[in-house]
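**Student:** My questions will all concern the structure given below.
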Amino acid sequence: MLIRKATAEEMLKLWGYPDYHVASPTARFYCRNIASGNAVFWTVDDGGELIGELYVFLSLEDRDFANGEDTAYLCAFRVKEGFRGQGLGSRMMNAALNELKALGFQKATIGVGSDKPQNIRLYCRFGFDEKVKNCHYDPCGMDENGLPEYEEEAWWLLAKRL
Ligand SMILES: CC(C)(COP(=O)(O)OP(=O)(O)OC[C@H]1O[C@@H](n2cnc3c(N)ncnc32)[C@H](O)[C@@H]1OP(=O)(O)O)[C@@H](O)C(=O)NCCC(=O)NCCS
């Protein structure tokens, strides 16, 4: 299992889109940001098959999430079912956090549902121990107009010092 960075094209393929033009607004947002260097796509490569995802956005409009200077936002953290609980998510997370630190970032943020105790416990273990705010918008989840989608259920933005 190799932890590595992947490309915008690999992200589209993993999300099931043959190309950019048929991708969802959210997929296109991720794709553009990876291609421009404003987002990093970390993955777990199992002999050519990508079984993990973690995206790091360096700069976003809402500067509480990411400001391009000292704070970056982590999102869409997933490991394929059947491969969970083996430390792969932790390895991706560590790679992403180590790189951010090396780039001079001082803070990482991540979103979590208040009804997800298992994920809250995992993020606490990683050191995300500050609650920044309640959120109704994921700045990387876009509606058909390319605007952040309103989510009825509030979730928490957590932060960790690097
Ligand atoms: C959260 C997730 C990315 C962690 O990856 P992972 O490879 O399973 O993580 P690790 O093996 O390094 O760490 C295991 C920890 O993950 C957490 N976890 C969350 N969901 C889990 C699941 N379905 N199976 C196993 N562990 C899970 C637990 O806190 C577990 O710690 P514990 O054993 O003390 O309970 C992965 O479980 C997953 O894809 N979950 C579903 C999607 C999700 O909830 N993503 C996060 C919100 S965007």
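The values are calculated or read from the model by the stated rules, or taken from the named source; none is laboratory data. Every value quoted in this text rests on a predicted model; they were computed, and no experiment measured them. With ideal geometry, Cβ positions are generated from the backbone for all residues, glycine too; neighbour counts draw on all protein chains shown. The area values use the complete protein model at the heavy-atom level, side chains included, leaving out ligands, DNA and RNA. Shrake-Rupley method; radii C 1.70, N 1.55, O 1.52, S 1.80 Å.
**Student:** Considering only the range 84-93, I want to know if a residue exists there that is small (Gly, Ala, Ser), open to solvent by 50 Å² or more (accessible area, probe 1.4 Å) and either under 25 Å from Trp15 (Cα atoms) or in contact with a strand residue (DSSP E or B) (Cβ under 8 Å, 6 or more places away or on another chain) (or both). Even if it seems obvious, please write down each step before you answer.
**Tutor:** Start the filter on the range 84-93 by keeping residues that are small (Gly, Ala, Ser), which leaves 85, 87, 89-90.
Narrowing further to those that are open to solvent by 50 Å² or more (accessible area, probe 1.4 Å): 85.
After this cut, where a residue has to be either under 25 Å from Trp15 (Cα atoms) or in contact with a strand residue (DSSP E or B) (Cβ under 8 Å, 6 or more places away or on another chain) (or both) as well, the list is 85.
Looking for residues that are small (Gly, Ala, Ser), open to solvent by 50 Å² or more (accessible area, probe 1.4 Å) and either under 25 Å from Trp15 (Cα atoms) or in contact with a strand residue (DSSP E or B) (Cβ under 8 Å, 6 or more places away or on another chain) (or both), one finds at least one in the range 84-93, hence yes.
**Student:** Pull out all pairs, ordered by first then second residue, where Cβ-Cβ is under 7 Å, the residues are six or more apart or on different chains, the first lies in the range 121-136 and is open to solvent by 70 Å² or more (accessible area, probe 1.4 Å) and of a type in the set (Val, Ile, Thr), and the second is more than 9 Å from the ligand (Cβ to nearest atom) and modelled with pLDDT of 95 or more.
**Tutor:** Close Cβ pairs (under 7 Å, with a partner that is more than 9 Å from the ligand (Cβ to nearest atom) and modelled with pLDDT of 95 or more) do not exist here.
**Student:** Just one of (1) within 16 Å of the ligand (Cβ to nearest atom); (2) in contact with a helix residue (DSSP H, G or I) (Cβ under 8 Å, 6 or more places away or on another chain) trips up Asp143, so point out which.
**Tutor:** Only one criterion in (1) within 16 Å of the ligand (Cβ to nearest atom); (2) in contact with a helix residue (DSSP H, G or I) (Cβ under 8 Å, 6 or more places away or on another chain) is unmet by Asp143, namely (1).
**Student:** Sticking with this one: Across the range 144-162, which residue is nearest to Asp70 (Cα to Cα) among those that are of a type in the set (A, V, I, L, M) and open to solvent by 40 Å² or more (accessible area, probe 1.4 Å)?
**Tutor:** Restricting attention to the range 144-162, the residues satisfying the condition of being of a type in the set (A, V, I, L, M) are 147, 154, 157-159, 162.
Next cut, open to solvent by 40 Å² or more (accessible area, probe 1.4 Å) only: 147, 162.
Numbers: Leu147: 25, Leu162: 10 Å.
Only one residue fits best here, namely Leu162.
**Student:** Filter the range 59-73 down to the residues that are free of Cβ contacts under 8 Å to residues at least 40 places away in the same chain and open to solvent by less than 70 Å² (accessible area, probe 1.4 Å) and list them by number.
**Tutor:** At the first step, the residues of the range 59-73 found to be free of Cβ contacts under 8 Å to residues at least 40 places away in the same chain are 59, 63, 67-70, 72.
Those that are free of Cβ contacts under 8 Å to residues at least 40 places away in the same chain and open to solvent by less than 70 Å² (accessible area, probe 1.4 Å): Ser59, Asn67, Gly68, Asp70, Ala72.
**Student:** Still on this structure, please answer the following. Condition check: of a type outside the set (Ser, Thr, Tyr), within 15 Å of Leu58 (Cβ to Cβ) and at pLDDT 95 or above. Does Gln86 satisfy that?
**Tutor:** So Gln86 fails the test.
**Student:** What number of residues in the range 142-162 are over 20 Å from Met93 (Cβ atoms) and not polar (S, T, N, Q)?
**Tutor:** Residues of the range 142-162 over 20 Å from Met93 (Cβ atoms): 142-154.
After this cut, where a residue has to be not polar (S, T, N, Q) as well, the list is 142-144, 146-154.
Of the residues in that region, 12 qualify.
**Student:** Based on this model, can you work out whether Gly85 counts as in contact (Cβ under 8 Å) with a residue 40 or more places away in the chain, part of a loop (DSSP other than H, G, I, E, B) and over 15 Å from the mean Cα position of the chain (by Cα)?
**Tutor:** Judged against the criteria, Gly85 is not a match.
**Student:** Condition check: assigned to a strand (DSSP E or B), touching a residue at least 40 places away in the same chain (Cβ under 8 Å) and within 12 Å of the ligand (Cβ to nearest atom). Does Ala76 satisfy that? First the steps, then the outcome.
**Tutor:** On the way: assigned to a strand (DSSP E or B): yes; touching a residue at least 40 places away in the same chain (Cβ under 8 Å): yes; within 12 Å of the ligand (Cβ to nearest atom): yes.
So Ala76 fits the description; yes.
**Student:** While we're here: Evaluate the range 89-98: report whether one residue or more is assigned to a loop (DSSP other than H, G, I, E, B) and free of Cβ contacts under 8 Å to residues at least 60 places away in the same chain.
**Tutor:** Within the range 89-98, none of the residues are assigned to a loop (DSSP other than H, G, I, E, B) and free of Cβ contacts under 8 Å to residues at least 60 places away in the same chain.
**Student:** May I ask you to verify whether Gly141 is within 23 Å of Thr26 (Cβ to Cβ), open to solvent by less than 20 Å² (accessible area, probe 1.4 Å) and either modelled with pLDDT under 95 or among the aliphatic types (A, V, I, L, M) (or both)?
**Tutor:** In short, yes.
**Student:** Identify, please: which residue in the range 81-131 is within 12 Å of the ligand (Cβ to nearest atom) and among the β-branched types (Val, Ile, Thr) and is, among those, farthest from Asp64 (Cα to Cα)?
**Tutor:** The selected residue is Ile120.
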